[in-house]
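The values are calculated or read from the model by the stated rules, or taken from the named source; none is laboratory data. Please read all numbers here as calculations on a predicted model, not as lab measurements. Positions of Cβ are backbone-derived with ideal geometry, glycine not excepted, and every protein chain shown enters the neighbour counts.
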Amino acid sequence: MGVKIDNQIIRIGVDLGGTKIEAAALGSDGTVLARQRLATPRGDYAGTIGAIVALVQQVEAGIGRRGSVGVGIPGALSATSGFIKNASATWLLGKPLDRDLAAALGRPVRLMNDANCLALSEAADGAAAGLEVVFGVILGTGVGGGIVVAGRPLVGCNAIAGEWGHNPLPWPTPAERPGPACYCGKQGCIETFLSGPNLARDYREAGGEAISAKELVERAEAGEPAAEAALVRYEDRLARALAGVVNVLDPDALVLGGGISNVERLYRCLPILLPRYVFSDHVATRVLKARHGDSSGVFGAARLWRPEELPTALAAAS
């Protein structure tokens, strides 16, 4: 690859997603030294452990060095039970994933929610580099969020900091009450309005066809009135939901990731819509697109080990 790695401290990040698992090794200066990915063995916990181990081994074989390992997951590690909770990858629920991975890899492993990893990566050297308080947003098959303050992820005593997707949609209209049912057991959660599949559902329930969110956006861009109306509803709901975050956290930036973050009109519309709902005479919070795109999660996972902590992790990996 033409990258000199002698004497570099290697940090390996793993992004565990619903369809793919990706691993990347970062050098001391953040340079990407190696990357590998595999399809996620959906529904197979042991297979998921094996896939992560195989990826880490492939990455390390490619650079001839071992490194620390951080893993971003679509869920959280319970501080009470030590097991995975709130995971959309349901086969992880109730499992001691950090301990099982540590045993399989022969070293300590850090786990964190994938939205936290996105926020950490973007605050380190991405779209929000140099900003103090960053709220990272995932708008995809689900709706997630992560908070970074002064370069450190804010996890919270319940390990749910940033989980705005399971708050109710703010200032709902009569047509939005009580809201769609959510897998969490509640109704009207932000996720039931703002995820990609639910954007498509809203269009369908308003009389449109059964299409993907991506196709809906394309139809809106082509001038289809029904698709445009669905996207306008989505933008207003997103502004309301993010205004709730701004009113509580008052971040320097909202960094959008996930598939819907690629809708470029959001970065024009949200700065106009947010002042309608934020409790301030002026909204200085910036709305930014994740610079690292789909790679934010894997890069952030690698950064779960801070430089001063690496000697301990690497001693265990040697």
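Taking the numbered list (1) crowded, with 20+ Cβ neighbours inside 10 Å; (2) closer than 28 Å to V133 by Cα; (3) at pLDDT 95 or above in turn, G297 passes all entries but (3). Selection of segment 143-182 for residues being touching a Ser or Thr at 6+ places or on another chain (Cβ under 8 Å) and more than 14 Å from L238 (Cα to Cα) yields A159, G179, P180, A181, C182.
For segment 162-172, a residue qualifies if it is in a loop (DSSP other than H, G, I, E, B) and either surrounded by fewer than 20 Cβ atoms within 10 Å (Cβ to Cβ) or free of Cβ contacts under 8 Å to residues at least 40 places away in the same chain (or both), and the qualifying residues are N167, P170, W171, P172. Among the conditions (1) modelled with pLDDT under 95; (2) in a helix (DSSP H, G or I), the only one that T192 does not satisfy is (1). Cβ separations smaller than 8 Å between residues 6+ apart or across chains give the following pairs from segment 187-208 residues that are closer than 19 Å to A229 by Cβ to residues that are aliphatic (A, V, I, L, M) and exposed (fewer than 14 other Cβ atoms within 10 Å of the Cβ): T192/A181; A200/A210; R204/A210.
When only residues in segment 187-228 that are touching a strand residue (DSSP E or B) at 6+ places or on another chain (Cβ under 8 Å) and more than 21 Å from G257 (Cα to Cα) count, which is surrounded by the most Cβ atoms within 10 Å (Cβ to Cβ)?
G188
The listed residues are T90, T31, T40, and the only one of them that is assigned by TED's automatic domain parsing to the domain that holds L310 and more than 21 Å from V143 (Cα to Cα) turns out to be T31.
Of all residue pairs spaced 6 or more apart or on separate chains, those with beta-carbon atoms under 8 Å, a first member in segment 225-239 that is farther than 20 Å from C189 by Cβ and a second member that is outside any helix (DSSP H, G or I) are A226/A206; A226/G207; A226/G208; A227/G208; A229/A206; L231/V263; L231/R265.
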